[in-house]
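Read the structure below first, then the notes.
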Amino acid sequence: MNGRPLPGRHEPRRAYRDALGLIAVAAGPTLYRSTLVFSTTLGATPPPVMTGFLSHAITLLAGVAGGWWLSQRVEARLARDTRRQARLHTLVLTLVLAHTVDSVVPAHGGVSTRLPAAILMAWLTWEIIRARGISADAFETPLGHSPRWAPAWLAAALALAAFVATGRLATGLDGYGPTTPGSQLVLLGLGDTPHPLLLTARIVWTSVVEELVVTAAVITLLRQARRPVWEWTLLVVAVRVLGHGYLGTPALAQIVIGLVAVLLYVRCRGLVPLIAIHILYDLEPSVPVAAIAAILALAIHAVYRAATTPAPDDPGDGTTATPDPTAKTHRSLR
């Protein structure tokens, strides 16, 4: 018998509630705007209130809802430590206010950085994972044991190559079916040559949403509830495709990227490789340099994890075996 009890009748429902709730507060505004833009490629004309006021309201509401949820989780975790509760509640409120200011009064040419929201959603994700009884180590190594360094860096290199190839595939899909004119940066409101700090902030934001929330958290929560592989894979891929629906037909390339992201998270058994590949792909000045950097970074990280993480008794679900206190101990007779 291992240390984690088998999921009860309501366990899958709770897991889906947390997973879908995280997706709603982190990716909900993006999904809404993506749907509106895609509708224009089909010839629809959304009323101004939907593209203006309602879009901003959903963004603000997602931040407030995320902050409220985070406060509830902090209060439950620190029920006996009111002083620490007060400090963390103040920090949550500060992040929500910063998110509001960043959304209403953006500093970089009318475009928000989304950094306060990124910090808020990352913190909320960790609190949800912790509340579900999942340790940080189990979240970072979802298969429960250290990666072998060679397959890890090889998988990371192949994942980066797949990301780059899929990006080219998305470009090749332009003109087939409904496609929104303009580059991805322009469609996101960043312009053809965005400020480096703004671009970096947005890459951090997309890394948190797409990799930490949509991929890692969803997989971890649904695997803990013993849901089949196809369920959490389908959910991850579907959210990625819908979130890039503003591109039109090229969004279908996200099917490949979503599958590769799932494979990378599970195969490399770590969150860091997934986020590193995402950032390198978005920042790639040239494919060879990015590939070399990815291989070296992943090799160092994987070797470090292999050297410092002890292998548990049961590598299948990331938990260690709990000895039965009622069992008799047999000693050999001399």
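Throughout, read-outs are computed from the coordinates displayed, never taken from laboratory work. Bear in mind that the values here come from a model prediction, so they are computed numbers and not experimental data. Note that each Cβ is placed from the backbone with ideal geometry, even for glycine, and that neighbours are counted across all protein chains shown.
Observations on the model:
- Sequentially through the stretch 212-220, phi angles give Karplus couplings (6.51, -1.76, 1.60; θ = phi - 60°) of 6, 8, 5, 9, 5, 5, 4, 4, 5 Hz, Gly and Pro residues having no value and appearing as x.
- In this structure the amide hydrogen of Gly248, modeled in the peptide plane, comes within under 5 Å of the amide hydrogens of Thr180, none closer than 5 places in sequence on its chain.
- Spatial offset of the stretch 218-263 relative to the stretch 52-88 amounts to 27 Å, using the alpha carbon center of each.
- Electrostatic tally near Val209: other residues with Cβ closer than 14 Å to its Cβ, Lys and Arg +1, Asp and Glu -1, net +1.
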